[in-house]
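The values are calculated or read from the model by the stated rules, or taken from the named source; none is laboratory data. Just so it is clear, the structure is predicted and the values come from calculations on it, not from any experiment. Virtual Cβ from ideal backbone geometry, glycine too; neighbours counted across all protein chains shown.
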Amino acid sequence: MPKELRSKDEFDKLLDRAIEIRVSKSGDSAKVKLRTPDGLFTLKTTAEDADAMVKGAKVPVVEF
């Protein structure tokens, strides 16, 4: 079961441990999913913020 993150700070802490990042966009909103060895974490945000958050990621980014 995925765990929902509440802030971008929590997202940034987990970004270093991510294996894969998935971005699902729907209109102006987006859901960013981080797959880590510990599990799946999700964060709901705007599409613009999602692009900015995953811009410098060192792991594969898959967009839907």
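Residues checked against (1) assigned to a helix (DSSP H, G or I); (2) among the polar types (S, T, N, Q); (3) touching a residue at least 40 places away in the same chain (Cβ under 8 Å):
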| position | (1), (2), (3) |
| --- | --- |
| L14 | yes, no, no |
| I21 | no, no, yes |
| T45 | no, yes, no |
| E48 | yes, no, no |
Requested in this report: Return only the number of the condition from (1) modelled with pLDDT of 95 or more; (2) among the charged types (D, E, K, R); (3) within 10 Å of the chain's Cα centre (by Cα) that D12 does not satisfy.
Outcome: (1)
Query raised in the report: Which one is surrounded by the fewest Cβ atoms within 10 Å (Cβ to Cβ), of the residues in the range 1-12 that are basic (K, R) and not in a helix (DSSP H, G or I)?
Result: R6
